[in-house]
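Read through the structure below, which is laid out as structure tokens, and then see the notes.
Just so it is clear, none of the values below were taken in a lab; they were calculated from the coordinates. The structure displayed is predicted, hence computed values, not measured ones. Neighbour counts are summed over all protein chains in view; Cβ atoms, including those assigned to glycine, are modelled from backbone coordinates with ideal geometry.
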Amino acid sequence: MPHTSLKIGFVPLCDSAPLVVARERGFFAEHGLAVDLAREPSWSNLRDKLACGFLDAAQMLATMPLACALGLENLRTDLVAPLGLSCGGNAITLGTGLLAGLDGGAPAALADLPAPPVLAIPYPFSTHHYELRCWLAGAGLDPERQVRLVVVPPPQMVARLSAGQIAGFCVGEPWNSLAVHLGLGRVVAAVRDFLPERLEKVLALRRDRLEGGAPCLEPLLRAVLAACRWCDAPEHRDEVAGILSQPPYLNAPIEVVRAGLERIRFHGDMPNRPDPAQALWYLGQMERAGHVSGAIDKAALAARTYRPDLYGRCVERL
Amino acid sequence: MSLRVILIDDEPERAAEVSAALRAEGFTVVGVLPTGADVPRQVAALRADIIVIDIASPDRDVLESMRQVSFGQGRPVVMFAEDGAPETIRAAIEAGVSAYVVDGLKPERVRPVVDVAIARFAQFQALRSQLDKARSTLAERKLVERAKGILMRRRRCDEAEAYRQMRKMAMDQKSRLVDIANKIIEASEILG
């Protein structure tokens, strides 16, 4: 079978599993694709490389294609999300120092602290940012005044928590599990417990890649979808952890990666079908946070960016 | 007034070269920082006009957050290439560097800084790949020598003949000499 070469970007996290497994377990090869995976140190790099054509596709925060289209990102790019990759992995961890001053970690008690605690998120326009805001709002806290939000790259989260520079964070795995493993903090809330069924990561590509029928799109989606299914099987989780923990991917202790995989769901209508309703929900949160003006046509943008039709076409033929 | 530049780079050697080049062009390098050095505070404290950052530094995402007013810390910065110069972004990415500029500065004022950074990063990368190549050539030559020794012992021939046989195998199998050498070494390890 002739091979099409593709370069796909990812940020080292437990939910990069479908892309990593698609490569390591041969799902890409099975679908006639020769894929180079590019590990990116930041979401900004991943976005720029996708925008400039150095990457053909990439794992992305579910909010990023929307932020890119809105010009919130430094580089305005027209992206589409034809496939969802994961949900259920994000969580909020508070450090032991902060917890000691709180009544059993009840978020409402954050308001009574002498100074607003510093909480970290991994990226400005991230799913984590809006989820953390929901959690704070649910406890009656004003995210603008009663806490201070800062951006910290995920690999630095645990070190900053340990150094006391941040009091807690909302991030994906394995970083919550690592903080717990090191005794630095406790997961006070899994995002899925207060916001069930929220899409976290998507596969994104530039809209102009759809032109000319995009012959490699279907094999790509089918390969990644097959990998999602494989990753989701409980009997494969140990092997997924083994592959992911290796140096070219997460380069993290296997037991921490294994623990991090526990909550994440990779397969099913949710997360795989990129439902515009998910995009619309995030756009609503962006508006609530003052990142987006109320004047934009949110429904049209959601439908243009999240493409269940492309996903559906490939599922039908499976 | 001379533009104030912060350089974020975990490669001390390259950072020194880039700073020297920027100073030679008349810019003021107000800080050379490693990754994780609380960028928002430093940008404000050092009153930087432009931040040049290694593309491999995860701190890029921290810089992006400074665009958002709601973060309320330090001064907003934007990526230089925002005002429509995709070739510059491409060149920067290829060289392995990115740049953030404090809002309000005219692109033509900061372009020379970015150009110097791109040129120096590219030069550094070229030098390193040359070095890697030189290293791998040396390693390859050692493998070829070892394989030659094995052939000489096994086939009881002289060095020139062993080399000729390896060349022929490489040509027949359409592979590189070093791959043939590897196969010979492997085979001899298996056969003992």
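Laid out as a table, the results:
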item	result
Degrees, to the nearest 10: B:159-172 long Cα axis against longest axis of chain B	70 degrees
Amide proton proximity set for A:Val118, modelled H, under 5 Å, gap of 5+	A:Arg148, A:Ala167
Within the protein assembly as shown, percent of DSSP bridges classed antiparallel, to nearest 5	55 percent
Taking only Cα atoms of the range B:135-191, radius of gyration then Dmax in Å	10.6, 31
Number of partner chain Cβ atoms within 10 Å, mean per residue of A:38-46	6
Hz values of 3J(HN,Hα) by residue in the range A:292-303 - Karplus curve (6.51, -1.76, 1.60), Gly and Pro given as x	9, 7, x, 6, 6, 7, 5, 5, 5, 5, 4, 6
Bridge type composition, the range A:91-194 - antiparallel percent by DSSP, nearest 5	60 percent
Neighbour net charge for A:Ser16 - beta-carbon separation under 9 angstrom, K R +1, D E -1	+1
B:Val97 long-range amide H proximity, modeled H, under 5 Å	B:Ile55
Percent breakdown of C-alpha pair distances by 5 Å bin, ordered from the shortest bin, for chain B	1, 7, 14, 15, 12, 7, 5, 5, 6, 7, 7, 6, 5, 2, 1, 0
For peptides B:97-107, A:264-274, sequence by mean Cβ density within 10 Å, most packed first	A:264-274, B:97-107
Computed [θ] at 222 nm, helices only, for chain B once each DSSP H run of length n ≥ 4 contributes -39500 (n - 2.57)	-20000 deg cm²/dmol
3J(HN,Hα) from dihedral phi, the range A:58-67, Karplus parametrisation 6.51/-1.76/1.60, rounded to Hz, x for glycine, proline	7, 6, 9, 4, 4, 7, 5, x, 6, 4
By average C-beta atoms within 10 angstrom, highest first, the peptides A:217-224, B:55-62, B:121-128	B:55-62, A:217-224, B:121-128
Cα Rg over Rh - the protein assembly as shown, Kirkwood	1.02
Count of lysine pairs in chain B with Cα separation under 28 Å (8 or more residues apart, or interchain)	13
Peptide B:49-61 - average C-beta neighbours from other chains (10 Å radius)	5
For q = 0.18, 0.21, 0.22 Å⁻¹, Debye-computed log10 I/I(0) when each Cα of the range A:108-212 counts as one equal scatterer	-0.90, -1.19, -1.29
For residues of A:148-161, the mean tally of beta carbons on other chains within 10 Å	4
Rel. contact order, % - alpha carbon contacts under 8 angstrom, at least six apart, chain A	28 percent
By average C-beta atoms within 10 angstrom, highest first, the peptides B:163-176, A:13-26, A:238-251	A:13-26, A:238-251, B:163-176
Built amide H within the under 5 Å cut-off of B:Val32, gap 5+	B:Leu7
